[in-house]
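Trainee: Quick one: this structure, given as structure tokens, is what I'll be asking you about.
The values are calculated or read from the model by the stated rules, or taken from the named source; none is laboratory data. Only a predicted model underlies this, so the values are computations on that prediction, with no experimental measurement involved. In this analysis, Cβ positions are derived from the backbone assuming ideal geometry, glycine residues included, and neighbour counts consider all displayed protein chains. Side chains included, ligands, DNA and RNA excluded: accessible areas come from the protein's heavy atoms. Shrake-Rupley method; radii C 1.70, N 1.55, O 1.52, S 1.80 Å.
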Amino acid sequence: TSQLTMYRIIFFVLIILISCTSKKTSQDVEWRKYGNEGNNRFSPTTQIDSTNVSTLKPAWEFSTGDVDPKNNLQLQCHPIMVNGKLYVTSGRGKVYALNAATSQPIWSFDALKDSTAGEINRGVVYWEDEKANNRRILFCARSELYALDADNGTLIPSFGDSGRIDLRKNLDREDTTLSVVATSPGVIYKDMLIIGGRVS
């Protein structure tokens, strides 16, 4: 539900905001990958512990606006935070970049053009080149993989077919009847995205 979406984002933001005030390096306090380093879902920061966790209060709230009268939407997104931006997907497969300190939306991208169907999506992948330029957000919606400019949310024209790749293509069989759905964001190894999915 949209309420569950809001609460999960609030919880994650609390962890991130307290981490941001740590004296560790920016690499330590950012959460740049799905599941963090090694997919261990562990943060090395130490400011939250059993002695102060009860005093935490919400820093801000953000609603994706996804309303579901039938209560079928699921939020399975695990947000990432890079360069002060929180990247999150909604229960309808939209992608948002938020200011991690304030929740102010920076940009949004709707791959499914306001579809009313729920879309299970567990998040996004961040990639940048060796000079920390050419920053991209990669994510899947149904059978398509998208590449967005991490700074402004626009499609990367040089990626695939004007910013997207149909995952049903080039599988050595007729693709019009295939079902390929990727719900998890995958991992980056060097300049390669490794991603799984559900197939027919």
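Trainee: Step by step: first the residues of the stretch 110-125, then only those that are under 19 Å from residue 155 (Cα atoms) and in contact with a Ser or Thr (Cβ under 8 Å, 6 or more places away or on another chain), then the one that is modelled with the highest pLDDT. Which residue is that?
Mentor: Out of the qualifying residues, it is 124.
Trainee: Only residues that are touching a Phe, Trp or Tyr at 6+ places or on another chain (Cβ under 6 Å) and either surrounded by fewer than 17 Cβ atoms within 10 Å (Cβ to Cβ) or under 14 Å from residue 141 (Cβ atoms) (or both): list them for the stretch 89-104, please.
Mentor: Passing the criteria: only 95.
Trainee: Residues of the stretch 159-179 being over 10 Å from residue 145 (Cβ atoms) and not small (Gly, Ala, Ser), which ones?
Mentor: Listed by number, the residues that qualify are 161, 168, 169, 170, 171, 172, 173, 174, 175, 176, 177, 178.
Trainee: Within the stretch 16-24, is there a residue that is modelled with pLDDT of 55 or more and out of contact with any Leu (no Cβ under 7 Å at 6 or more places or on another chain)?
Mentor: Of the stretch 16-24, the ones modelled with pLDDT of 55 or more are none.
No, because not a single residue in the stretch 16-24 is modelled with pLDDT of 55 or more and out of contact with any Leu (no Cβ under 7 Å at 6 or more places or on another chain).
Trainee: Pull up the stretch 25-46, narrow it to residues that are loosely packed, with under 15 Cβ neighbours inside 10 Å and part of a loop (DSSP other than H, G, I, E, B), then point me to the one that is modelled with the lowest pLDDT.
Mentor: In this case the residue turns out to be 25.
Trainee: Could you say whether any residue in the stretch 124-145 is of a type in the set (S, T, N, Q) and at positive phi?
Mentor: Checked against the condition, which is being of a type in the set (S, T, N, Q) and at positive phi, the stretch 124-145 yields at least one hit.
Trainee: So, restricting to strands (runs of 3 or more DSSP E) that lie completely within the stretch 138-200, which ones have at least 3 residues that are within 30 Å of residue 105 (Cβ to Cβ) and not aromatic (Phe, Trp, Tyr)?
Mentor: 144-149, 164-166
Trainee: Would you mind telling me which numbered condition in (1) more than 21 Å from residue 76 (Cβ to Cβ); (2) open to solvent by 50 Å² or more (accessible area, probe 1.4 Å); (3) in contact (Cβ under 8 Å) with a residue 24 or more places away in the chain; (4) touching a strand residue (DSSP E or B) at 6+ places or on another chain (Cβ under 8 Å) residue 127 fails?
Mentor: Just one mismatch for residue 127, condition (2).
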